[in-house]
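The structure under discussion appears below in the form of structure tokens.
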Amino acid sequence: MSDENPDQQTDTPEGERTITVVAQPADTNPSGDIFGGWILSQMDVAGGVAASRRAHGRTVTIGVKEMEFHKPVRVGDLVSCYTQVLKVGKTSMSIKIETWTTNHYNPTPLQKVTEGVFTYVALDENRKPRPVDN
């Protein structure tokens, strides 16, 4: 987890809200916080939606960079992933994903809990890389 100063955090998400889910008890780690792998998978789902929209078709995840966990996520939090296309290459694209939470039962100000940059590749019907802009 990062020692980021909360005062340096922006108070609004960057990008488009792509998915929102409620963190469930089954998604916790042994310490009772939401498991980081679950958060990572939600981010990948959101990034895949954004990448497929941008590529107008099937995409796959090929990498994750600059992943940072800032704060824990608790059971019952509303978890929203915001996506922003950073770069588009011939067959790939980089998507910035920010994860923000608020309390599901007693809405609180949004808090950024995780962020990262994911890379996706557009695929054709034979599962081979294809141009993003085709």
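Can you pull out the residues in region 121-134 that are surrounded by 13 or more Cβ atoms within 10 Å (Cβ to Cβ) and over 13 Å from His56 (Cβ atoms)?
Pass one, region 121-134, residues surrounded by 13 or more Cβ atoms within 10 Å (Cβ to Cβ): 121-124, 129-130, 132.
Selection gives Val121, Pro129.
Name every residue in region 2-43 that is modelled with pLDDT under 95 and at positive phi, in order of residue number. Within region 2-43, just Gly32 meets the criteria.
Starting from residues that are crowded, with 16+ Cβ neighbours inside 10 Å and among the β-branched types (Val, Ile, Thr), keep the ones in region 19-44 and report whichever is farthest from Leu78 (Cα to Cα). Looking at residues that are crowded, with 16+ Cβ neighbours inside 10 Å and among the β-branched types (Val, Ile, Thr), I get Thr28.
If you go through region 94-109 and keep only what is buried (at least 17 other Cβ atoms within 10 Å of the Cβ), in contact with a Ser or Thr (Cβ under 7 Å, 6 or more places away or on another chain) and more than 12 Å from Glu14 (Cα to Cα), you end up with just Ser94. Scanning region 90-125 for residues that are of a type in the set (Val, Ile, Thr) and closer than 15 Å to Val73 by Cβ yields Ile97, Thr99, Thr101, Thr102, Thr108, Val113, Thr114.
Per this entry, Arg53 is not counted among residues that are among the charged types (D, E, K, R), in contact with a strand residue (DSSP E or B) (Cβ under 7 Å, 6 or more places away or on another chain), modelled with pLDDT of 95 or more and surrounded by 12 or more Cβ atoms within 10 Å (Cβ to Cβ).
The values are calculated or read from the model by the stated rules, or taken from the named source; none is laboratory data. Quick caveat, the model's predicted, so the values are computed rather than measured. Cβ: placed from backbone, ideal geometry, glycine included. Neighbour counts: every protein chain shown.
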